[in-house]
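The next block holds one structure in the form of structure tokens; read it before the comments.
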Amino acid sequence: MDRAVMRAGRCAFLACALLAPAPGVLAQALADPTRPPDAAPVQGSTASAGVARPQLQSVLISNQPGGRRLAVIDGRSVRAGDKLGGAVVVAIGETSVTLRRGKTLETLRLYPKTVDANDAMHVRRKQVHVTQ
């Protein structure tokens, strides 16, 4: 009887020792959607070889008519007329911000462009036509 208890104890200890690291090994790392982007490289550093496009992170619009409009671009809060790098914020929409760099306009969007239903049908017709 004493042997059976010791054997069961060893088996339980061995099972715990083998399964203890399993949760850490099997767990997946999830990206935090609320985490701000990595810090921008310092000007003049070798890491900033290419110019990164600014990223629109949030838009805040007041409910009151003529209320304030704010946008968060690369972690910085801006309003229409503010300078951001070499660009000027021209307009802040519900899901986009327009920047002016010299004579060119650049639109930053919160969400990627969606495919219009007509465009989707056109692509589908092309695919069906090609496969026949």
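The values are calculated or read from the model by the stated rules, or taken from the named source; none is laboratory data. Remember, it's a predicted structure, so these values are computed and weren't measured experimentally. FYI the Cβ positions are ideal-geometry reconstructions off the backbone, even for glycines, and counts take in every protein chain you see. Just so you know, the surface numbers come from the protein's heavy atoms only, side chains and all, with ligands and any DNA or RNA stripped out. Shrake-Rupley method; radii C 1.70, N 1.55, O 1.52, S 1.80 Å.
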In the range 49-69, how many are within 16 Å of Arg109 (Cα to Cα) and in contact with a Lys or Arg (Cβ under 6 Å, 6 or more places away or on another chain)?
1
Would you be able to say whether some residue in the range 25-32 is open to solvent by less than 60 Å² (accessible area, probe 1.4 Å), hydrophobic (A, V, I, L, M, F, W, C), over 20 Å from the mean Cα position of the chain (by Cα) and at pLDDT below 65?
no
Please go through the range 70-94 and give me each residue that is farther than 14 Å from Leu108 by Cβ and among the basic types (Lys, Arg), ordered by number.
Arg79, Lys83
